[in-house]
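Shown next, in structure tokens, is the structure this report addresses.
The values are calculated or read from the model by the stated rules, or taken from the named source; none is laboratory data. Owing to the predicted nature of the structure, the values given are computational and were not obtained by experimental measurement. Quick reminder, even Gly has a Cβ in these numbers, built from the backbone with ideal geometry, and neighbours come from all protein chains shown. Protein only, heavy atoms only, side chains kept; ligands, DNA and RNA dropped before computing areas. Shrake-Rupley method; radii C 1.70, N 1.55, O 1.52, S 1.80 Å.
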Amino acid sequence: MKRRNKDTCIVISGESGAGKTEASKYIMQYIAAITNPGQRAEVERVKNMLLKSNCVLEAFGNAKTNRNDNSSRFGKYMDINFDFKGDPIGGHINNYLLEKSRVIFQQEGERSFHSFYQVCVCVCVSVYVCVTRQTDATISWYTDQMGRGSVTSSIDDGADFKAVADAMKVIGFTADELQTVYKVLATILHLGNLTFGVDGDTTLIENSKVVAVIGDLLATKEENVEKALLYRTVATGRDVIDKQHTAQEASYGRDALAKAMYERMFCWIVGRINDVIEVKNYDAKVHGKNTVIGVLDIYGFEIFQNNSFEQFCINYCNEKLQQLFIQLVLRQEQEEYQREGIPWKHIDFFNNQIIVDLVELQHKGIFSVLDEACMNVGKVTDKVFLQGLNSKLVNHAHYTSRKLSPTDKSLEFDRDFRVRHYAGNVVYSVVGFIDKNKDTLFQDFKRLLYNSSNPVLKVMWPEGKLRITEVTKRPLTAATLFKNSMIALVENLACKEPYYVRCIKPNDVKSPLLFEHERCRHQVEYLGLLENVRVRRAGFANRQEYPRFLQRYKMISEFTWPNHDLPSEKEAVKKLLQGCGFEQDVAYGKTKVFIRTPRTLFCLEEQRTEMVGRIVLFLQKVWRGTIARMRYRRMRAAVVILRAYRRFKVKSYIKDVNHKFKNVRSMKDHGKHVKWPTPPKVLRRVDILAPLLFLWVFPCCFRWWAWMLIKDMTPEEKLRIRAKGATLEALKDQRPDLGLQRTWEGNYLLLKGGGYTFCVSQINRFHKAEDRAVLITDRHLYKMDPQKQYKPMKSIPLYNVTGISVSPGKDQLVVFHTKDSRDLVVCLKGMVPAGDSRIGELVGTLLRSHRTSTAIQNLSSTGGWWHLNWEGRARGNGWSGIGGTK
């Protein structure tokens, strides 16, 4: 399936008890073991569901027969869906012809379905046991006919029940659904104990207490159950009447109800399993192609002591599957050799198409005769059906009866007929054929179960909602339904590539150690295996069309990889196989190449696997190079785009700057309030370095800025600006506050004559503070007494002042140094806001007064004091000095 990406199917065939069910289990276990190496949770869930479904279906569809302790009494075809990696993603189960008659009758030595015995033995608190207070299947006539309800040594009902209950929980059955299943089983067992009697013209239920139990189990009223069992509602036009059953009709209705309930429950279980395991939300365009492996596990060929309608249908099914095998393996293969021009000697085989036609042919087949008998008006018996067979099949080589062969004493008059199947002769009893084919169930039972308050039962019986007077079509007979399902099954299998598992039963006594050669030889013969071996041995193990073969193996040869230049694909295949040395093991047809032995195919696969690894490495190399080049082109394009974008952002930023500073000349503060726009990221670093570049490259800009600020000032304002500039130059970073932010008044005492005046405090020789005033003119420094109308107390010529000393702190202490070492020590105070310093103003005034005639000598520090020394000329007088003491 993975190699050729083609749907396949596995047909498991063999007699009853040959091991078909076990073979299907091995197949499922094998698929579960080799798939999902990545341990994906969803795939593991699906595999677990598929495996658990086998356990559940065996419990409800298998039974012990005289030939097999675990005989499948239904046909099962399971489709397993796989994703493109070969992991199972879901499935679907189709069931065929459940042998529901086994519910009410089993032959001697056989049992009913396993589920009845499991629920009786193990459900100690189940609804059935709670009502009956018993735990043995022998309490029901259905499961203990002639004392056959005991558990055999090969079956452990207790362990099986636990396994089935766990499996149903894993699959997803709810607790209510499980209880409903147990109630249906209990109802069927109780129906087996119902007996009917007659009181005059009235039919009665002899054990009426069972009716109450059944009503409780079915969640419906007791009187409704009793009415459905004893009466049949008949609609004649507009009138509706209740027709009472006879005791025989009531027994027939009871048995029909039991069979129908079990069949509906089984089909509902299969439907619930399909709801869980079916593939959901799978899109082939997204998830890849969905391939299928189908596994067919269906009942084998059966020959019992008493063969009835069910055995006839089962054997017909096996005839159809054998016909499929003949069609695909024996006939079509030989025809294909002849069609392709391969030398071939025809091998004869038995074609069972004549037997298939005997059963299903229109108007003359056994099924058609049976349906015709069922549709006749009036009372139709099984004898009438047998008479119809005798009249229409009188000359058929594979059919006979006692009337057609009067000397054959193995056949009973008006009861038996014999069909010569491919597996042997089988004698069928026509007793029950008509009733089983009609499969009649009164509508009253359907309405009863549909009107139940149990929602699960309502789902099982949807047709119960029909009104009594509503007219419906005649339902198809059981034979027609089974024939149609078999035809559909064969068509489904034919569209897939089939593989066969032939199960051979070694003996009839269920012994694992006994091998009966004659028994096995007979099975090998009628299964057509001898002819199959002859065809395979003389034929070819594998055949493929030239394009498909070349597509798969062309990488092996240098003449065909990656493409060939030969005249045709047939010539290319020949060249490839000759190069590998296989020309003696192949044959060339018109459209296909035929390979005789599997060994050649295995060698081709090994060489292909080796070359695929090299091709993958080469493709990876090319693809990685392609990805690298694509990545490089994207990166180069990104760089170009980024470069252009950066240029755009820089140009936009420059335009924004030009726009903002366009009219700064006409602004009152010459653009001081204008904020620079935020630069783009590419200019963030430039924005940090811009002030330094501005100072270094464009000092004239600062001169222009200064000129723009001072050009409109008054002379007094210019003198103050120069004084502040001198102070900043002399004491920058030396004191915390130089008073540059406030206006310098200069003449704080408002004395006539101008000059720089200010109040000070001085410590006299008695160590007391005295208020004084200081006046600095362009020639002298005067100390005055404010209490005597600012009378000068001391006059110091400025040329005699060698320097001043100030501290780096916030105090206002000033020392004027003189040449005669009679320094003046004062503390500035008053006339300014609290906390403001006037040291800067004093220093600036002195420096401004002597800027034109004095040069600052140096600025030194001693013990934390700063000393400002100068030398120069004033009015022709030269003076100089050094800083005084602390």
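Here are some notes:
- Some residue of the stretch 296-310 being assigned to a helix (DSSP H, G or I) and either open to solvent by less than 30 Å² (accessible area, probe 1.4 Å) or free of Cβ contacts under 8 Å to residues at least 40 places away in the same chain (or both): yes
- Filter result (of a type in the set (S, T, N, Q) and either part of a helix (DSSP H, G or I) or in contact (Cβ under 8 Å) with a residue 40 or more places away in the chain (or both)) within the stretch 198-226: Thr202, Thr203, Thr220, Asn224
- Close pairs (7 angstrom Cβ cut-off, 6 or more residues apart or separate chains): within 24 Å of Leu709 (Cβ to Cβ) in the stretch 649-671, among the aliphatic types (A, V, I, L, M) anywhere: Lys660/Val674; Phe661/Val674; Val664/Val674; His670/Val664; His670/Met708; Gly671/Val664
- Taking residues in the stretch 330-358 that are under 29 Å from Lys483 (Cα atoms), and partners anywhere that are small (Gly, Ala, Ser) and surrounded by fewer than 17 Cβ atoms within 10 Å (Cβ to Cβ), the pairs with Cβ atoms closer than 8 Å and at least 6 places apart or on different chains are Ile354/Ala397.
- Extreme residue, farthest from Lys2 (Cα to Cα), among residues of the stretch 573-610 that are among the charged types (D, E, K, R), open to solvent by 40 Å² or more (accessible area, probe 1.4 Å) and touching a strand residue (DSSP E or B) at 6+ places or on another chain (Cβ under 9 Å): Lys574
- Criterion (in the same structural domain as Leu449 (by the TED database), in a loop (DSSP other than H, G, I, E, B) and either within 30 Å of Glu310 (Cα to Cα) or open to solvent by less than 50 Å² (accessible area, probe 1.4 Å) (or both)) met by exactly one of Leu229, Leu178, Leu185, Leu194: Leu194
- Residues in the stretch 509-530 that are in a loop (DSSP other than H, G, I, E, B) and either at pLDDT below 85 or within 39 Å of the chain's Cα centre (by Cα) (or both): Val509, Lys510, Ser511, Pro512, Leu527, Gly528.
- Residue within the stretch 562-572 that is open to solvent by less than 40 Å² (accessible area, probe 1.4 Å), modelled with pLDDT of 85 or more and either assigned to a helix (DSSP H, G or I) or in contact with a strand residue (DSSP E or B) (Cβ under 8 Å, 6 or more places away or on another chain) (or both) present: yes
- Residues of the stretch 570-622 that are under 27 Å from Arg339 (Cβ atoms) and small (Gly, Ala, Ser): Ala572, Ala587, Gly589.
- Contacts under 7 angstrom Cβ, first residue in the stretch 107-119 being touching a residue at least 60 places away in the same chain (Cβ under 8 Å) and buried (at least 23 other Cβ atoms within 10 Å of the Cβ), partner outside any helix (DSSP H, G or I) and hydrophobic (A, V, I, L, M, F, W, C), 6 or more apart: Phe113/Ala63
- For the residues Ala167, Ala235, the requirement of being modelled with pLDDT under 90, assigned by the TED database to the domain that holds Val46 and outside any loop (DSSP other than H, G, I, E, B) singles out Ala235.
- Strands (runs of 3 or more DSSP E) contained in the stretch 378-477 and holding at least 1 residues without any contact (Cβ under 8 Å) to a residue 60 or more places away in the chain and surrounded by 13 or more Cβ atoms within 10 Å (Cβ to Cβ): 399-401, 416-421
- As a summary of the residue check, Leu57 satisfies the conditions (1) at pLDDT 90 or above; (2) of a type outside the set (D, E, K, R); (3) open to solvent by 10 Å² or more (accessible area, probe 1.4 Å) except for the one numbered (3).
- Failed item, numbered, when Lys505 is tested on (1) under 30 Å from Ser16 (Cβ atoms); (2) open to solvent by 20 Å² or more (accessible area, probe 1.4 Å); (3) among the basic types (Lys, Arg): (2)
- Taken as a whole, the condition of being within 27 Å of the chain's Cα centre (by Cα), of a type in the set (D, E, K, R) and open to solvent by 30 Å² or more (accessible area, probe 1.4 Å) does not apply to Lys47.
- Pairs are defined by a Cβ separation below 6 Å, a sequence spacing of at least 6 or placement on different chains, a first member in the stretch 5-17 that is within 16 Å of Glu497 (Cβ to Cβ), and a second member that is open to solvent by 30 Å² or more (accessible area, probe 1.4 Å) and outside any strand (DSSP E or B); the pairs so defined are Thr8/Met1.
- For the stretch 743-766, the criterion of a residue being among the charged types (D, E, K, R), open to solvent by 40 Å² or more (accessible area, probe 1.4 Å) and at pLDDT below 75 is satisfied by at least one position.
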